[in-house]
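I have placed the structure first, in the form of structure tokens, so that the comments after it can refer back to it.
The values are calculated or read from the model by the stated rules, or taken from the named source; none is laboratory data. Because the structure is predicted, anything quoted here is derived from the model rather than measured. Virtual Cβ from ideal backbone geometry, glycine too; neighbours counted across all protein chains shown. Side chains are part of the model used for accessible areas, which takes the heavy atoms of the whole protein and leaves out ligands, DNA and RNA. Shrake-Rupley method; radii C 1.70, N 1.55, O 1.52, S 1.80 Å.
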Amino acid sequence: MNLNELTIKEAHQKLISGEISSRALTESCLAQIKKEDKNIHACLAICEEEALAAADKADARLKMGETGDLLGIPYLCKDIIMTKGLKTTAGSKILENYVAPYDATVIKKLNEAGAILLGKTNLDEFAHGASTENSAYGPTHNPLDLERVPGGSSGGSAAAVAAKMCLFSLGSDTGGSIRQPASFCGVVGLKPSYGRVSRFGLLSMTSSTDVIGPFTKSAYDAALVLKTIAGVDALDATTVPEVVEHYDKIMTGDNMENNQSTKPLAGIKIGWPEEYFLPELDFNVLARLQEAAATLEAAGAIIKKISLPYTKYAVPVYYIITPSEISSNLARFDGIGWGLAKDEAVNLQDFYKQTRGAGFGPEVKRRVMLGTYVLSAGYYDAYYKRAQAVRTLILEDFNKAFAEVDLILTPTSPHPAFKIGQQANDPLAMYLEDVFVTGASLAGLPAISMPAGLVSTEDGNNMPIGAQLIAPRLQEASLLRAAKILEKN
Ligand code: GLN
């Protein structure tokens, strides 16, 4: 087995026992990137020298007897998170030569923990999309079938973990961008509760739903990364003060290990929302989800049919609120403070037009226009205000459901990865990709996508599909415990 194929947990044990070095582990990941990324294009930039220097430092710390969970562990980071001294493009031409002047809080925390940043991953421009085809730097290919998309917007980060280029990666999830690519690439993708992880240094898309989270090879590894990056941050007023739990410890010990006779989920009620399992759902996807439910039942959980009646409004509400916040957040890209600046302009208005016209791609422009429209004086009440009111109803749906059940089980996506180009020119079809993932985002709830097996595609291939678990706010611990059961089977 090559070192890059290890999970964090396995690599950690080998690192602290001295069986392997962080340098060897890092070199193995860098070699895998060199070998595979010509075809996959998961990465936008690699910082080989810095990574090897950081690995040597980690090795020195290990020699001194330090045993941190992520010490010496190599990772990749979505190129929408600030990394000091490295380019941070957000997948956009407008930031093509932008070098971040500071580290995001999550990067700072990972640095302190001794994790090794290998480079930056591809994404839909400013995280607007569900396929990574909206990147100004070309699409990422799904490592399991190069003709297919890896999902998006964090497609590069998901593909990188699936192709074993790193032991984990960071993504951001505004309306599904960690969970859907995790589903398409067959890896674990965790979206923490809104406010659990600092957004400081994450380029804002939709500030009211944006959250950073990990892609990993196992639920346990997701717990290790979450534990490290979570917590209150004075630089992000929306972070919450609740103590960060030892998610990894909660997943081991007592009856979570391999003892067949115990029921680790005894008494846990899991909701099966009828609105996510409509008759038109692909029967292969349904079958995988039924298997997931049976696995949870075998571990002692009780599956209960529930209703989330406002589900059908999640996508329309999301596509009013998201463009609104985007049109406001992206106003700062005016060519003056940073990024692309067109100097042929004749006056200020013209300067903005030329800079933004040349710097933004079609999907970003579409969202800026939509958002500006729904926020304008004549339409604010009719669209934005109403969408906010319905958003509250969606949240209340979840609150009512969580009075009856502890977790909710749904598909992550209605189908496996689609072909590159298949719906690139159909924005509406692309927006409907988000049908199962936007609800938890609008409600700020933690959710995870776990590999749930394979389904056959139209051309007879087998591609992965994800099962999504959603928990009440800040209940990442119970989410991860159930996720671990799904993976064990
Ligand atoms: N597909 C969604 C969108 O295009 C998700 C984006 C995200 O979570 N960043 O808005």
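Restricting attention to segment 73-113, and to residues there that are without any contact (Cβ under 8 Å) to a residue 60 or more places away in the chain and more than 28 Å from Ile336 (Cβ to Cβ), which single residue is surrounded by the fewest Cβ atoms within 10 Å (Cβ to Cβ)? By that ranking, first place goes to Glu112. Residues that are in contact with a strand residue (DSSP E or B) (Cβ under 8 Å, 6 or more places away or on another chain), open to solvent by less than 50 Å² (accessible area, probe 1.4 Å), at pLDDT 95 or above and over 18 Å from Met450 (Cβ atoms): does segment 234-247 have at least one? Yes - at least one qualifying residue is present in segment 234-247.
Conditions tested, residue by residue: (1) within 30 Å of Glu66 (Cα to Cα); (2) assigned to a helix (DSSP H, G or I).
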{"residue": "Glu112", "(1), (2)": "yes, yes"}
{"residue": "Leu117", "(1), (2)": "yes, no"}
{"residue": "Ala130", "(1), (2)": "no, no"}
{"residue": "Thr140", "(1), (2)": "no, no"}
{"residue": "Gly156", "(1), (2)": "no, yes"}
{"residue": "Ala159", "(1), (2)": "no, yes"}
{"residue": "Leu170", "(1), (2)": "yes, no"}
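Restricting attention to segment 397-415 and to residues that are of a type in the set (A, V, I, L, M, F, W, C) and assigned to a strand (DSSP E or B), the residue that is nearest to Gly267 (Cα to Cα) turns out to be Leu407. Total residues in segment 288-342 satisfying the condition of being among the aromatic types (Phe, Trp, Tyr) and open to solvent by 50 Å² or more (accessible area, probe 1.4 Å): the figure is 3.
Here's the yes/no breakdown for (1) crowded, with 22+ Cβ neighbours inside 10 Å; (2) touching a strand residue (DSSP E or B) at 6+ places or on another chain (Cβ under 9 Å); (3) over 19 Å from Ile303 (Cα atoms); (4) hydrophobic (A, V, I, L, M, F, W, C):
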| position | (1), (2), (3), (4) |
| --- | --- |
| Thr410 | yes, yes, no, no |
| Ser413 | yes, yes, yes, no |
| Lys419 | no, yes, yes, no |
| Gly439 | yes, yes, yes, no |
| Leu469 | yes, yes, no, yes |
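Does segment 355-364 include one or more residues that are surrounded by fewer than 17 Cβ atoms within 10 Å (Cβ to Cβ) and under 14 Å from Glu325 (Cβ atoms)? No, because not a single residue in segment 355-364 is surrounded by fewer than 17 Cβ atoms within 10 Å (Cβ to Cβ) and under 14 Å from Glu325 (Cβ atoms). Each residue in segment 32-50 was checked for being open to solvent by 60 Å² or more (accessible area, probe 1.4 Å) and in a helix (DSSP H, G or I), and 7 of them qualify. For segment 454-463, a residue qualifies if it is surrounded by 17 or more Cβ atoms within 10 Å (Cβ to Cβ) and either of a type in the set (A, V, I, L, M) or under 17 Å from Ser177 (Cβ atoms) (or both), and the qualifying residues are Val455, Met463. Screening Ser157, Ser153 for residues that are buried (at least 24 other Cβ atoms within 10 Å of the Cβ), of a type in the set (S, T, N, Q) and in contact with a strand residue (DSSP E or B) (Cβ under 6 Å, 6 or more places away or on another chain) leaves exactly one candidate, Ser157.
Yes or no, residue by residue, for (1) more than 30 Å from Glu27 (Cβ to Cβ); (2) in contact with a helix residue (DSSP H, G or I) (Cβ under 9 Å, 6 or more places away or on another chain); (3) within 12 Å of the ligand (Cβ to nearest atom):
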| position | (1), (2), (3) |
| --- | --- |
| Ala130 | yes, yes, yes |
| Ser135 | no, yes, no |
| Gly138 | no, no, no |
| Leu144 | no, yes, no |
| Glu147 | yes, no, no |
| Val161 | no, yes, no |
| Cys166 | no, yes, no |
| Gly171 | no, yes, yes |
| Gly176 | yes, yes, yes |
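Scanning segment 338-355 for residues that are touching a Lys or Arg at 6+ places or on another chain (Cβ under 8 Å) and in contact (Cβ under 8 Å) with a residue 40 or more places away in the chain yields Leu340, Thr355. Taking segment 202-220 as the range and being open to solvent by 10 Å² or more (accessible area, probe 1.4 Å) and either more than 15 Å from the ligand (Cβ to nearest atom) or under 14 Å from Ala440 (Cβ atoms) (or both) as the test, the residues that pass are Ser208, Lys217, Ser218, Tyr220. Entry remark, segment 427-462: residues being without any contact (Cβ under 8 Å) to a residue 60 or more places away in the chain and either within 13 Å of the ligand (Cβ to nearest atom) or closer than 21 Å to Gly171 by Cα (or both) number 3 in total. Tell me which residues, restricted to segment 348-391, are under 20 Å from Ala136 (Cβ atoms), of a type in the set (Gly, Ala, Ser) and outside any helix (DSSP H, G or I). Result: Gly361, single match. The one condition from (1) within 21 Å of the chain's Cα centre (by Cα); (2) open to solvent by 10 Å² or more (accessible area, probe 1.4 Å) that Lys488 does not meet is (1). Listed conditions (1) among the small types (Gly, Ala, Ser); (2) within 16 Å of the ligand (Cβ to nearest atom); (3) open to solvent by less than 30 Å² (accessible area, probe 1.4 Å) are all met by Gly119, apart from (2).
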